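What follows is a single structure, and I will ask about it in a moment.
Nothing in this text is a laboratory measurement; each read-out follows from the coordinates by a stated rule. A quick note: this is a predicted structure, and the numbers were derived from the prediction, not measured. Methodologically, a virtual Cβ is constructed for each residue, glycine included, from the backbone with ideal geometry; neighbour enumeration extends over all protein chains shown.
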Amino acid sequence: MRLTVIGTGYLGAVHAACLAEIGHEVLGVDVDAARIAALSEGRAPFFEPGFPEVLTRNLASGRLRFSTSSAEAAAFGDVHFLCVGTPQQPGSQAADLTYLDAAVADLAAGLRPGALVVGKSTVPVGTAARLAARVPAEVAWNPEFLREGFAVEDTLRPDRLVVGVTSSSAEAVLREVYAPMLAAGVPWVSTDLATAELVKVAANSFLATKISFINAMAEVCEATGGDVATLAEAIGYDVRIGRQFLRAGIGFGGGCLPKDIRAFRHRAAELGVSLGFLGEVDEINLRRRARAVTLARELVGGSFAGRNVAVLGATFKPDSDDVRDSPALAVASAIRAEGARVTVHDPQGVDNARAAFPGLDYSPGAQKACEGAHVVLHLTEWDEYRELDPEALGEVVAARALVDGRNALDASVWRAAGWTVRALGRR
Ligand code: UDX
């Protein structure tokens, strides 16, 4: 099939390459000429394990190419996937649909008869119906659930495929697009447009709620001397609860969960439905960042003024270079604002972090970042930080004091090397 993918950000670029990987002819389109040039040359515009290989393999096969022309996309595709960003509106909780509306307007003019327009972006419920009224083609919705760091794997082997359609012919087209995955047994959920839109925000809200739930339990553990990691393990053995997404720490960030829960709550309120608990989920999440700052401040004697602070990890999660709404950088900049000199290390995210937070110092090595530090904060759980030698690191710091903001280091090993270790929700 001839498919176009409109928007080659994280979602679109991976989706385009993976559709080519399963045998389709794919044209990826973006208004960003530099991004299109990079992708056309096989250069990934972001760090994502496995993506460069899928990209270059499919460029070489001739099944995948990129363009800045919407007219070319409209003329080329049988099916058009909309993958543009829907960020949070500045000064509001609502989603900003400017890019989506512009992409649809650009495409609509030249659409071929019988083309299908399929939204993948995360949108407020009702968006698909609104677009359907403006597009001279059928509109379907097919939310995407990929995780950064596992984007290729999640796209090629998803947990489920969800499609919102208004006709059986649209469903048949989408079944053909995803035929190899259906043949491999991936569950297929076919529904109406509104439900498909809601599945995405409901899933992300549930995941965010799970994280904030365990982080609220961490607060109770801190007040009582309990241990949240043991608590999470114990409740997680109940299969109705499950063990995943119960890692307590400085909470969730990134380009999806924070803005999605805010936009969902905002949209529900417009519809007369209160999802006030999502506000609480957001607040708990932000409180955990403040708690990490408090623990570090206590370890440096009550004030950051004139102190050196090392921060290990800048991205919102490991195996990504994405620093959007990164809890690690929020903590680092809050400490900087209290007068400390903050040096940040990250294996992949330094360029993006420096662009977003130029006031922080950056170091090319984890150990180098810790030189002279009065406290070290571990804020993104990259594998390489688990390999750090507490003894060797102890030789270069000014004080052996550690905050583990992700509950991912073995505190007993660090304590044995003479470190004072504080973690969230732990004794
Ligand atoms: C998320 C959803 O998982 C994915 O399905 C959706 O398509 C996009 O949003 P992603 O943003 O890539 O994916 O990251 P995810 O792995 O969900 O982690 C989100 C944040 O939660 C990270 O900051 C992570 O550190 C944090 N997290 C995750 C926790 O704090 N504790 C956990 O137990 C799990």
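Check the straight Cα-Cα distances from Lys120 and name the lysines below 27 Å, setting aside those fewer than 8 residues away within the same chain.
Lys200, Lys210, Lys259, Lys317
What distance in nm separates the two pseudo spin-label positions at Ala305 and Asp96, each 7 Å out from Cα along the beta-carbon direction?
Rounded to a tenth, the inter-label distance reads 3.8 nm.
At a 10 angstrom cut-off on C-beta neighbours, averaged per residue, how do the peptides 361-370, 118-127, 193-202 rank from highest to lowest?
118-127, 193-202, 361-370
A further question follows. If the only charges are +1 at each Lys and Arg Cβ and -1 at each Asp and Glu Cβ, what is the size of the charge dipole of the stretch 286-423 around the Cα centre, to the nearest 20 debye?
Using only the charged Cβ atoms, the result is roughly 740 debye.
I would also like to ask the following. Using the Cα atoms of the chain, I'd like the radius of gyration and the largest Cα-Cα distance, Dmax, both in angstrom.
23.1, 71
Take Gln367, project a point 7 Å from its Cα along the Cβ direction, then tell me which residues of the stretch 285-309 have their backbone nitrogen under 14 Å from it.
The answer is none.
Okay, moving on. Counting only other residues whose beta carbon sits under 15 Å from that of Ile36, what net charge do I get with K and R as +1, D and E as -1?
Result for the local shell: -2.
Can I ask one more? Put a dot 7 Å past each Cα toward the Cβ at Ser40 and Ala184; how far apart are the dots in nm?
3.1 nm
With a 10 Å cut-off between alpha carbons and a GNM built on the chain, which of Pro136, Pro113, Pro158 moves the most?
Largest GNM mean-square fluctuation: Pro113.
While we're looking at this one, here's another question. Using the Cα atoms as the points, what is the convex hull volume per residue of the stretch 286-423 in Å³?
So the per-residue hull volume is 87 Å³.
Nearest 20 debye, what's the magnitude of the dipole of the chain about its Cα centre given +1 on Lys and Arg Cβ and -1 on Asp and Glu Cβ?
Dipole magnitude for the chain comes out near 660 debye.
Considering only Thr127, Pro358, Met217, whose Cα is most displaced toward the positive end of the charge dipole of the chain, charges sitting on Cβ of Lys, Arg (+1) and Asp, Glu (-1)?
Met217
Pop a pseudo-label 7 angstrom from the Cα along the beta-carbon direction at both Thr294 and Asp32 and give the gap in nm to one decimal.
Once both label points are built, they end up 3.8 nm from each other.
Treating the beta-carbon of each Lys and Arg as +1 and of each Asp and Glu as -1, no other charges, what is the dipole magnitude of the stretch 86-145 about its Cα centre, to the nearest 20 debye?
120 debye
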